[in-house]
1. Chymotrypsin sites (Phe, Trp or Tyr not before Pro) within segment 245-305: which are DSSP loop residues with at most 11 other Cβ atoms inside 10 Å?
2. Post the alpha-carbon centroid distance, segment 38-90 to segment 512-532, in whole angstrom.
3. Modelling each spin label as a point 7 Å along the Cα-to-Cβ direction, I'd like the Tyr532/Ala319 distance in nm, to one decimal.
4. Mind checking segment 499-591 for trypsin sites (Lys or Arg not before Pro) that DSSP puts in a loop (not H, G, I, E or B) and that have at most 12 other Cβ atoms within 10 Å?
5. At a Förster distance of 60 Å, what's the computed FRET efficiency of Cys545 paired with Ile189, Cβ-Cβ distance as r, to 0.05?
6. Can you tell me the FRET efficiency between Leu423 and Glu487 if r is taken as the Cβ-Cβ distance and R0 is 35 Å, rounded to the nearest 0.05?
7. Report the net charge of residues surrounding Ser40, where surrounding means a beta-carbon distance below 15 angstrom and charges are Lys +1, Arg +1, Asp -1, Glu -1.
8. To the nearest 20 debye, what charge dipole does segment 50-104 have about its Cα centre, counting +1 at the Cβ of each Lys and Arg and -1 at the Cβ of each Asp and Glu?
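Here, each number is a calculation from the coordinates, and none is a lab measurement. None of the values given here were measured: they were computed from a predicted structure. Cβ placement follows ideal geometry from the backbone for every residue including glycine, while neighbour counts extend to all protein chains displayed.
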Amino acid sequence: MKIIYFLSLLALSFTAQAQLDFPTVRQTANYFVDSTSHYSAAHLPQSSWKFLPTNKHINIGYNENASVWCRFRFINTTGKTQRFGLTFYNNNIDSLVCYEPNRIRILGDRTANEAQFLSYHSFVFELLPHQEKSALVKLKKTTSFFEFSYGIETIYELVKLSNTKLVVISIFIGVIILLTLLNISLFSITKRYVYLYYTFYSLSSILYIVSYSNFAKYSLFPRFLYFSELHIYVSTIWFLFLTMLICSYSNIKIHQPERYRWILLSVRVNASIIFLSLFFYAFNWNLLLMICFYLVFSTITLSFFYMLFAVFRNIRHEAKSSYLMLLTFWPHLAWGHAILLRSFKVIEASFPENLLVIVFLYESLLFGYILTNKYLNTYKENSKLVTDLLHERDKTIQVISQTQVRERRSIANLIHDNIGSKLAYIRQLIQLKQFKEVNDSMADLSDDIRMISHQILPKSLDEGALYASLHDHIVSRTRTVAVPKIEVYNYNFPEIIDADWVYDVYLIALELINNAVKHGQANLILIEFYGYTSHYLIQITDDGCGFDATQHSFGFGLENSFKRIQNYHGTFELTSTPNQGTVVQIKLPKY
């Protein structure tokens, strides 16, 4: 964050308007508006001229092919030769033609002439001591808002401002391109559209700055003739991406779906108007084009304030992200609507053009910091989650290993104490040739082996006898353990089920019984099997101590049970209340 503040202050120091050292030249200026571009330099009206004050902002408003004629008279009042620039503070004028007695000079967006300075359109004059010169300048703007102001600048200041602007915009482009590449990488990793919106927002910011500030015309593409139109269209597209970026980052779609639908509708309407205006511009349908201009400016203004309202309302849902969005785009809120109000002649004000570079740099850097920081925080959270999962996996493997050892020891003890002793007894009977007793003992041994195999996994499960298998297990269990009392009921549940989930449900039921005994300390467990037309339902209820299900997450056993049931397109629902026991319902569809 400190880096952002530093770069912003650095840009501010570069682009701040210096106190100009005006040359000692006295000048007078007049102008008149030729709304149809009817007049030529040789035939101008004698009336209709108005006084043109220095640095005064002149706003013609929306026009079609209007021209403004400016008449200047300069007098060098000193005994030294003076060189200065007649400067027009609007880099988006289509053409500026300077008529002098012995030459004609041309500048502007719609001309292929290269400007001498990046800072502003300037015509350089040189006056000998006490010399007087006159000049006529024609300013032309086609089918757009037309505004300008003028002043007298020293050559030193024009060069200084040009070099400063060149450095600042180059730094701006470099920083934004780095942030754009970073966010493209983040999008390829996360597939989150917020990074894609930032990428298009940043690229449109670059296009707007280089077209609006004369940077592209001066340094990159001097022969291109449509930068005036480009910066208008890019600014509207930039706003559309800004809207989607703010909505995506603040999760307005989730928290305010109805408002998001209206915002999305406004984006689509604005995009449609932009497309239509391009069509009208290509066919030179000026009236329809003018309507599109007013429509898009009006809808963007309404959309901006509606989005601002949505972000304010979103504070109750996501305060931090909403405040960050407000902090980020408030400079453009002030700048953009001041420009808009000035275009419609609601206010009369002149703004330093270089201030726009700071606004875009501030927004882009802050957005870049916010999104990068969000990704890093998400990466840390995911890393912690992966670490926890690995730890849980190791813990689970350890539990499984301990369970396997315990079960193997139990089986070994059972075989050694029961089967081993009976085999030794049978051997003695054989030696004593007491074959009747041998036959009886072999029958008992066979029953014991069958019981042990059923305890491990009943053979009847292979045939799909889920209910019978679990019932036999519980009957066998209650012979040796009286508490808890386990009751099993069947309500239209089939004896045989041809389904892959029989084994999993059997093991899950044993797991739930074990949980009720070990953790719930239950005295009574009810197991109920239901058969319905479209599904099966197994409900296991205990009267144990229970727990607050809203405050506890599933352990590994329950989580594994939940996932296994989900794999069969079933549902696993657990309801528990402290001191009121636990109810588990397993619902499985019939195929």
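1. Working: sites: Tyr249, Tyr260, Trp262, Phe275, Phe279, Phe280, Tyr281, Phe283, Trp285, Phe293, Tyr294, Phe297, Phe304, Phe305; in loops: Phe283, Trp285.
The qualifying sites are Phe283.
2. For segment 38-90 versus segment 512-532, the Cα centre distance is 94 Å.
3. Going from the Tyr532 label point to the Ala319 one covers 4.4 nm.
4. Values: sites: Lys518, Lys563, Arg564, Lys587, Lys590; in loops: Lys590.
Passing both the DSSP loop test and the Cβ count: Lys590.
5. On the way: r = 46 Å, r/R0 = 0.76.
That pair, Cys545 with Ile189, gives E of 0.85.
6. Details: r = 37 Å, r/R0 = 1.05.
The computed FRET efficiency comes out at 0.40.
7. On the way: positive: Arg71, Lys138, Lys140; negative: Asp34.
Neighbourhood net charge equals +2.
8. Details: 7 positive and 3 negative charges, 78 e Å.
The dipole magnitude comes to about 380 debye.
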